[in-house]
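S.K.: Input: one structure, supplied below.
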Amino acid sequence: MSSVEIQVEHQTTDAGEHGVMKALVYHGPGQRAWETKPKPTIRERGDAIVRITTSTICGTDLHILKGDVPSVLPGRILGHEGLGVIEAVGSNVGSFQPGDLVLISCITACGICDFCRRSMPSHCRTGGWILGNTIDGTQAEYVRIPHADTSLYRVSPDLDPEAVVLLSDILPTAYECGVLNGQIKPGDTVAIVGAGPIGLAALLTAQLYSPSAILMIDLDGNRLEMALGLGATGVVNSAVEDAVARVLAITDGAGVDLAIEAVGTPAAFDTCQSIVGAGGRIANIGVHGKPVQLHLEKLWDRNIALTTRLVDTVTTPLLLKLVQAGKLRPAGLVTHRFGLDDIMQAYDTFADAAKTSALKVILNRGAD
């Protein structure tokens with residue numbers, strides 16, 4: 001993830017009269033700790049302070065802990081997903097008040113800069129992906145949310161919090177970067193490379209457009225089994241068979257109309273290039289840390305389109321409506337649950353998904 005002219009929040013060590021809280025703190029590559037930090041306070045008139053009730057861990061958090069995201073400095077509280085109750089608001093906040101249950105967007109939007117007006121708040125001049133990146137994030141008992149009026153969503157307490165918290169990031173990411181960018185149409189043949197949380201979220205949202213087939217490709221048999229339960233029409237285990245040959249056989253050599261890359265590796269991107277059919281699309285979701293080779297010598301005359309995107313979360317209101325109506329059920333992606341105080345164990349479980357079969361790990365906080 002990246003942002004243009006992102007806001008940087010400097011650390012403070014003076015808790016003063018505002019008290020302290022517990023938070024998951026990054027201390028450099030491979031180092032994290034659940035420790036006491038100052039409780040956040042209102043800094044700008046558009047801020048809100050949210051008491052976290054539910055949070056989760058993202059694959060991006062693991063990238064940070066590997067040292068892959070240099071904008072995240074030691075001392076930063078991690079996390080960019082969460083659900084909570086507003087405790088305080090700045091004087092300019094007009095849409096929310098203390099006591100409101102809100103969903104926190106992974107993207108902070110001012111709503112008025114040139115990028116926000118172009119429906120690209122991912123590149124907001126004073127926002128974008130800043131939570132758990134350049135300002136303190138949501139894996140804590142409390143978090144400060146800038147631009148609260150345009151970065152929070154009121155949530156009915158009747159909704160399942162485990163479903164709602166997945167709308168902070170993975171559902172809009174999969175939907176916007178994979179399904180919408182991929183221009184999926186009824187009757188399309190779709191292949192999703194990567195059956196992790198993002199890939200499975202793409203599977204859920206792709207079904208809103210009635211494709212004729214959705215093929216899931218992954219190395220993990222357990223995840224492929226889950227994909228079948230979530231609506232995949234076929235699965236390909238690339239650990240035991242040639243994924244490209246299998247997809248081409250299934251499609252009678254034509255390839256797929258849409259190939260969604262949901263891993264972020266050269267191998268996954270190569271698979272997408274090899275299986276996309278003439279006139280098809282490749283929609284990249286994965287976060288790539290290494291160069292990939294674009295095989296234009298094979299694709300130049302194939303009439304394909306390639307898209308990339310950082311999630312903008314502009315579809316979050318729509319996705320909330322679909323969850324409320326029962327048309328979208330993302331809670332099926334949750335495999336493990338921990339108390340917020342057990343976040344260190346939750347990270348170990350999430351990071352060792354090959355052994356634990358973890359997908360989304362939910363962090364629930366008890367009452368104060």
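The values are calculated or read from the model by the stated rules, or taken from the named source; none is laboratory data. Predicted, not measured: the structure shown is a model, and the values here were computed from it. Don't worry about glycine lacking a Cβ; one is built from the backbone with ideal geometry, like all the others, and counts go over all protein chains shown. Heavy atoms of the whole protein, side chains included, go into the accessibility calculation; ligands, DNA and RNA do not. Shrake-Rupley method; radii C 1.70, N 1.55, O 1.52, S 1.80 Å.
S.K.: I'd like to verify a number: residues in segment 244-289 that are at pLDDT below 95, buried (at least 18 other Cβ atoms within 10 Å of the Cβ) and among the hydroxyl-bearing types (Ser, Thr, Tyr), how many?
M.R.: Going through segment 244-289 one residue at a time, the tally reaches 0.
S.K.: Considering each residue of segment 49-64, count those that are of a type in the set (D, E, K, R) and open to solvent by 10 Å² or more (accessible area, probe 1.4 Å), and give that number.
M.R.: Filtering segment 49-64 down to residues of a type in the set (D, E, K, R) leaves 51, 61.
Remaining after also requiring open to solvent by 10 Å² or more (accessible area, probe 1.4 Å): 51.
Adding up the residues that qualify gives 1.
S.K.: Given (1) more than 21 Å from the chain's Cα centre (by Cα); (2) at positive phi, identify the lone condition not met by Thr233.
M.R.: Result: Thr233 passes all but (2).
S.K.: Of the residues Ala201, Ala191, which is at pLDDT 95 or above, touching a Phe, Trp or Tyr at 6+ places or on another chain (Cβ under 9 Å) and within 25 Å of Leu318 (Cβ to Cβ)? If you could, list the steps in order and put the result at the bottom.
M.R.: Values: Ala191 fails: touching a Phe, Trp or Tyr at 6+ places or on another chain (Cβ under 9 Å).
Being at pLDDT 95 or above, touching a Phe, Trp or Tyr at 6+ places or on another chain (Cβ under 9 Å) and within 25 Å of Leu318 (Cβ to Cβ) holds for just one of Ala201, Ala191, which is Ala201.
S.K.: Next question. Among the residues of segment 29-37, is any farther than 29 Å from Val334 by Cα, within 24 Å of the chain's Cα centre (by Cα) and surrounded by 15 or more Cβ atoms within 10 Å (Cβ to Cβ)? Outline the logic, then answer.
M.R.: Going through segment 29-37, the residues farther than 29 Å from Val334 by Cα turn out to be none.
No, segment 29-37 contains no residue that is farther than 29 Å from Val334 by Cα, within 24 Å of the chain's Cα centre (by Cα) and surrounded by 15 or more Cβ atoms within 10 Å (Cβ to Cβ).
S.K.: For Ile282, indicate whether it is in a strand (DSSP E or B), closer than 30 Å to Lys321 by Cβ and either among the basic types (Lys, Arg) or under 18 Å from the mean Cα position of the chain (by Cα) (or both). Spell out how you get there, then give the answer.
M.R.: Numbers: in a strand (DSSP E or B): yes; closer than 30 Å to Lys321 by Cβ: yes; either among the basic types (Lys, Arg) or under 18 Å from the mean Cα position of the chain (by Cα) (or both): no.
Taking the combined requirement at face value, the residue does not satisfy it.
S.K.: So Ala278 passes all but one of these: (1) without any contact (Cβ under 8 Å) to a residue 40 or more places away in the chain; (2) closer than 24 Å to Ala353 by Cα. Which condition number does it fail?
M.R.: (2)
S.K.: Filter segment 221-236 down to the residues that are assigned to a loop (DSSP other than H, G, I, E, B) and either open to solvent by 20 Å² or more (accessible area, probe 1.4 Å) or farther than 20 Å from Cys272 by Cβ (or both) and list them by number.
M.R.: Of segment 221-236, the ones assigned to a loop (DSSP other than H, G, I, E, B) are 230-233.
Correct list: Leu230, Gly231, Thr233.
S.K.: Any residue in segment 199-212 that is polar (S, T, N, Q), closer than 18 Å to Cys58 by Cβ and either free of Cβ contacts under 8 Å to residues at least 60 places away in the same chain or touching a helix residue (DSSP H, G or I) at 6+ places or on another chain (Cβ under 7 Å) (or both)? Before you say what the answer is, go through the steps one by one.
M.R.: Narrowing segment 199-212 to residues polar (S, T, N, Q): 205, 207, 210, 212.
So of that shortlist, the ones also closer than 18 Å to Cys58 by Cβ come out as 205.
Among the residues that remain, those that are also either free of Cβ contacts under 8 Å to residues at least 60 places away in the same chain or touching a helix residue (DSSP H, G or I) at 6+ places or on another chain (Cβ under 7 Å) (or both) are: 205.
The answer is yes; a qualifying residue exists.
S.K.: So for segment 65-86 (the condition being assigned to a strand (DSSP E or B) and surrounded by fewer than 21 Cβ atoms within 10 Å (Cβ to Cβ)), does at least one residue qualify?
M.R.: Yes, there is a match, as at least one residue in segment 65-86 is assigned to a strand (DSSP E or B) and surrounded by fewer than 21 Cβ atoms within 10 Å (Cβ to Cβ).
S.K.: Going by the structure shown, is Lys298 buried (at least 21 other Cβ atoms within 10 Å of the Cβ), in contact with a helix residue (DSSP H, G or I) (Cβ under 8 Å, 6 or more places away or on another chain) and basic (Lys, Arg)? Steps first, please.
M.R.: Details: buried (at least 21 other Cβ atoms within 10 Å of the Cβ): no; in contact with a helix residue (DSSP H, G or I) (Cβ under 8 Å, 6 or more places away or on another chain): yes; basic (Lys, Arg): yes.
It is false that Lys298 is buried (at least 21 other Cβ atoms within 10 Å of the Cβ), in contact with a helix residue (DSSP H, G or I) (Cβ under 8 Å, 6 or more places away or on another chain) and basic (Lys, Arg).
S.K.: Pick from Gln293, Gln345: which is over 17 Å from the mean Cα position of the chain (by Cα), surrounded by fewer than 18 Cβ atoms within 10 Å (Cβ to Cβ) and in a loop (DSSP other than H, G, I, E, B)?
M.R.: Working: Gln345 fails: in a loop (DSSP other than H, G, I, E, B).
Result of the check over Gln293, Gln345: Gln293.
S.K.: Here is a further query. If you check Asp218 against the conditions, is it free of Cβ contacts under 8 Å to residues at least 40 places away in the same chain and either surrounded by fewer than 24 Cβ atoms within 10 Å (Cβ to Cβ) or not aliphatic (A, V, I, L, M) (or both)? Steps first, answer last, please.
M.R.: Values: free of Cβ contacts under 8 Å to residues at least 40 places away in the same chain: yes; either surrounded by fewer than 24 Cβ atoms within 10 Å (Cβ to Cβ) or not aliphatic (A, V, I, L, M) (or both): yes.
It is true that Asp218 is free of Cβ contacts under 8 Å to residues at least 40 places away in the same chain and either surrounded by fewer than 24 Cβ atoms within 10 Å (Cβ to Cβ) or not aliphatic (A, V, I, L, M) (or both).
S.K.: Of all residues being within 25 Å of Glu87 (Cα to Cα) and more than 20 Å from the chain's Cα centre (by Cα) in segment 349-368, which is surrounded by the most Cβ atoms within 10 Å (Cβ to Cβ)? Just the residue, please.
M.R.: Arg365
Table: residues versus (1) among the charged types (D, E, K, R); (2) touching a strand residue (DSSP E or B) at 6+ places or on another chain (Cβ under 9 Å).
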| position | (1), (2) |
| --- | --- |
| Gly199 | no, yes |
| Ala232 | no, yes |
| Val240 | no, no |
| Glu261 | yes, yes |
| Asp270 | yes, no |
| Val287 | no, no |
| His295 | no, no |
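S.K.: Also, I was wondering about something else. Going residue by residue through segment 307-317, is there one that turns out to be under 18 Å from the mean Cα position of the chain (by Cα), free of Cβ contacts under 8 Å to residues at least 12 places away in the same chain, open to solvent by 40 Å² or more (accessible area, probe 1.4 Å) and closer than 25 Å to Leu171 by Cα? I'd like the intermediate steps shown before the answer.
M.R.: First pass over segment 307-317, keeping only residues under 18 Å from the mean Cα position of the chain (by Cα): 307-317.
If we keep only those that are free of Cβ contacts under 8 Å to residues at least 12 places away in the same chain too, we end up with none.
The answer is no; no qualifying residue exists.
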